[in-house]
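Presented below is the structure to which this report refers.
Quick note: the coordinates plus some simple rules give every number you see, no bench work behind them. Note that the coordinates shown come from a computational prediction; the quantities given were computed from them, not determined experimentally. Positions of Cβ are backbone-derived with ideal geometry, glycine not excepted, and every protein chain shown enters the neighbour counts.
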């Protein structure tokens, strides 16, 4: 674990853009991440071919895609836990 957020220990693709995540503390849930995948590092990961290539990096405790694209585990944890993206205050 880096910081206070439990590591992601498992990730699977539910459908394009949506991941089912399991955290080390037992929290599980689905997150639509496609709208959070911005910038050139996510170009391939956003495709129908690239998105399913997601894996969990045990060292950083988050989801990664080939080419170095990753998403912040603390943000994903809060989305699963509360249903809202941090800083937004409203479920999306």
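Fully extending the segment from residue 43 to residue 10 would add 9.6 nm, taking 0.36 nm per residue of separation and subtracting the current Cα-Cα distance.
Under 17 Å from a point placed 7 Å out from the Cα of residue 20 along the Cα-to-Cβ direction: which residues of segment 59-74 have their backbone N that close? Flagged as within label range: none. Considering all alpha-carbon pairs of the chain, what whole percent are spaced by more than 22 angstrom? When all Cα pairs of the chain are counted, 21 percent exceed 22 Å.
Across segment 8-82, the mean sequence separation of Cα contacts (distance under 8 Å, 6 or more residues apart), normalised by length, yields a relative contact order of 28 percent. Cα centroid separation, segment 15-32 to segment 38-63: 14 Å.
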